[in-house]
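Enquirer: Encoded as structure tokens, here's the structure I'll be asking about.
The values are calculated or read from the model by the stated rules, or taken from the named source; none is laboratory data. All figures in this text were calculated on a predicted structure; none of them were measured in a lab. Using ideal geometry, Cβ is built from the backbone for each residue, glycine included, and neighbour counts are taken over all protein chains shown. Accessible surface areas use protein heavy atoms only, side chains included; no ligands, DNA or RNA. Shrake-Rupley method; radii C 1.70, N 1.55, O 1.52, S 1.80 Å.
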Amino acid sequence: MNCTEVLDALALYLYGELPPRAEEEVEAHLHGCPACRDALDAQQRLHHAFDRARAVPRPDLVAECRGELFRRTAARPGWRQRLARAWDLTRVRWVLRPAGALALVAVGFLSARLPLRDSGLLRAPAEPPVATVRWVEPDPSGGVRIALDETRRRVIRGSLEDRLIEKLLLEAARDQANAGLRVESIDLLKDRSGNDDVRQALLQAATHDRNPGVRLKALEGLKGMASHPEVRAALPGILERDDNENVRILAIDMLVQNRDEQIVGLLQGLVGQEENSYVRMRVRSVLEEMKASVGTF
Amino acid sequence: MAQEAAAVIPARLAPRVDEHELIRAVQRGDQNAFEALVRSYDQNVLGMAFNLLRCEEDARDVYQEAFLRVYRHIHSFRFDCSFHTWLYRIVTNLCLDCLRKRKIRKEEPAVVETAEGPLDRTYSVEEERAAADPERNLCNAQLAGRIHLALAALTPRERTVFELRHYQGLRLKAIGEMLNTSEEAAKNCLFRATQKMRTVLGDFS
Ligand SMILES: [Zn+2]
């Protein structure tokens, strides 16, 4: 190798990318040629200069990029995962969130994860996101890094016939943190109690919801289904245990829609134990209408 | 409180979950696994895109598009190459596309107009570190500007090969595979790149 050939080979030599034989030749030449050794030094300094000229993004850029990416991927995973995850997370949220700590309604929460784009629902402009802290860690630069899960609230519109709308309402009807949301959701669902899922949700609310307004609304929703076996089976329990007289009165009205022998005993028992005079009066008048003896046990 | 802290720390120090397992979890649709996978690579991906493109907006775009492609196509990843290779192939080609588009539009973001001109924030941490010695400040700033010009003189392909070899430390063989070309072609590309930069940087010594 002469000097020109060696100078051409220096760059690849420094990167260790010369074939072994060429590498040996370069080294042999360098050994005996001070001018080429100087050129090698210069090339090495250039490499260091390249290293120092490396452009480094500002430290918080990666966190911003992550935030945007995770928001985008969490907002549109595959359809099946989306649904599964939506329900799972909602359940987790019930457990973790103290009641009323975060005014994040189930509809808003789920809408970020459900395939609204595919469902043909109209979307209004998004509201600012609600953030939940996922993890925190010290930053090498001495600061702190915090990962936020941001939930963007969105208003969606659609018919009650829409399966997705119904699912969202059913979920909202179980949102333990927000009784107002449960009442509104049940009010919207109450004309659809012929649907099995809706009826189950209404029954669940009527018998177990801790808010009397919600129980009453749910029971109203079941009025049209008073003769359905599941509804009928639930009424005696409501009459015995519900501490709200309006709920009990409504339950009586629903019970007597189908006047059969079985309810007489139940009503007669109620006359004896019902503490609310209006409810007692109501029970008596029903029994009289049924021509049953008030005092018979 | 103390118990909570103790429970957290070992989890953070625990050895990294086997990457195959992590990728399989992502393929099953586990969002947490996806986020963990992203976290283990994204700093390097962003660093490479930013150094190569020297433009925050373009680097952001490459970051998003690269990981969205991973997200969309992870189910077709068959472990016949390393995930690192797969990811860097995506990133490299996105950067190359970006450089090519820029060349067509004759755009050159964050251009340092003269070697003496003020440097924008593109040259941040490394420069500041190098500039700790005040006597070398001006010299380093000038040098960085000249290197930026030298890098800008390269074709998108030469620039990309130089990035992968010099800054990412990949072998030319791997670079050839990443760019769907031969090791020899990658070598010629690197050779042309260094020749050109020597010309632009002139009497640097
Ligand atoms: Zn020589």
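Enquirer: Which value, in Å² and to the nearest 10, is the accessible area of A:Thr4 when all protein chains are kept and the probe is 1.4 Å?
Expert: The accessible area comes out at roughly 90 Å².
Enquirer: May I ask you to compute the full-extension gain from A:Glu23 to A:Ser159, defined as 0.36 nm times their residue separation minus their alpha-carbon distance, rounded to one decimal in nm?
Expert: Additional length available on full extension: 41.4 nm.
Enquirer: Stretched out fully, how many nm does the piece from A:Val271 to A:Glu288 gain, at 0.36 nm a residue minus the Cα gap?
Expert: So the chain would gain 4.9 nm between A:Val271 and A:Glu288.
Enquirer: Quick check: pseudo-label points 7 Å beyond the Cα along Cα→Cβ at A:Gln262 and B:Ser40, how many nm apart are they?
Expert: 6.0 nm
Enquirer: For the interface of A with B, what's the total buried accessible surface in square angstrom, probe 1.4 angstrom, rounded to the nearest hundred?
Expert: Buried area between the two chains comes out at roughly 4700 Å².
Enquirer: Ranked by accessible surface with a 1.4 Å probe, highest first, in what order do A:Asp191, A:Asp41 come?
Expert: Putting A:Asp191, A:Asp41 in descending order of accessible area: A:Asp191, A:Asp41.
Enquirer: Report the calculated FRET efficiency for A:His31 and A:Arg71 (r = Cβ-Cβ distance, R0 = 51 Å), to the nearest 0.05.
Expert: That gives a FRET efficiency of 0.30.
Enquirer: Which whole-angstrom value gives the distance between the alpha carbon centres of segment B:77-105 and segment A:163-241?
Expert: Centre-to-centre (Cα) distance: 54 Å.
Enquirer: OK, next. Grab the beta carbon distance between B:His20 and A:Ile146, set R0 = 35 Å, and tell me the FRET efficiency rounded to 0.05.
Expert: With R0 = 35 Å, the Cβ-Cβ based efficiency is 0.70.
Enquirer: Simple spin-label model, 7 Å along Cα-to-Cβ: B:Arg78 to A:Arg210 in nm?
Expert: 5.6 nm
Enquirer: Which links in A:Lys217/A:Lys291; B:Lys101/B:Lys196; B:Lys103/B:Lys173; B:Lys101/B:Lys173 stretch past 23 Å when you go from one Cα to the other?
Expert: A:Lys217/A:Lys291; B:Lys103/B:Lys173; B:Lys101/B:Lys173
Enquirer: Using a cut-off of 12 Å between beta-carbons, work out the net charge of the residues near A:Asp187 (Lys and Arg +1, Asp and Glu -1, A:Asp187 not included).
Expert: +1
Enquirer: Leaving ligands, DNA and RNA out of it, work out the accessible area of B:Tyr71 with a 1.4 Å probe and give it in Å² to the nearest 10.
Expert: Taking all protein chains as shown, B:Tyr71 has close to 50 Å².
Enquirer: I would also like to ask the following. Within 10 Å of each Cβ in peptide B:46-59, how many partner chain Cβ atoms are there on average? Round it to a whole number, please.
Expert: Mean partner shielding for this stretch: 3.
Enquirer: What residues qualify as long-range amide H neighbours of A:Asp175, i.e. H under 5 Å apart, gap of 5 or more or another chain, H built at 1.01 Å from N?
Expert: Long-range HN contacts for A:Asp175: none found.
Enquirer: Using a 1.4 angstrom probe with every protein chain in place, what is the largest-first accessible-area order of A:Glu24, B:Glu65, B:Glu177?
Expert: A:Glu24, B:Glu177, B:Glu65
Enquirer: Right, something else. Would you work out which of A:Gly142, A:Ala172, A:Val155 lies farthest towards the positive end of the dipole of segment A:130-172? Charges go on Cβ: Lys and Arg +1, Asp and Glu -1.
Expert: A:Val155
Enquirer: Shape of segment A:3-51 from its Cα gyration tensor (a ≥ b ≥ c, root eigenvalues): rounded if a/c is under 1.5, otherwise prolate when a/b > b/c, or oblate?
Expert: oblate
Enquirer: Collect residues whose amide H, placed 1.01 Å from N in the peptide plane, falls under 5 Å from the amide H of A:Arg152; neighbours closer than 5 in sequence don't count.
Expert: Here the answer is A:Val130, since their amide H atoms fall under 5 Å of that of A:Arg152.
Enquirer: Also: How high is the FRET efficiency between A:Asp187 and A:Arg134 when r is their beta carbon distance and R₀ equals 41 Å, given to the nearest 0.05?
Expert: 0.75
Enquirer: Under the definition of partner shielding as Cβ atoms of other protein chains within 10 Å of a residue Cβ, what is the mean value for peptide A:42-52?
Expert: 5
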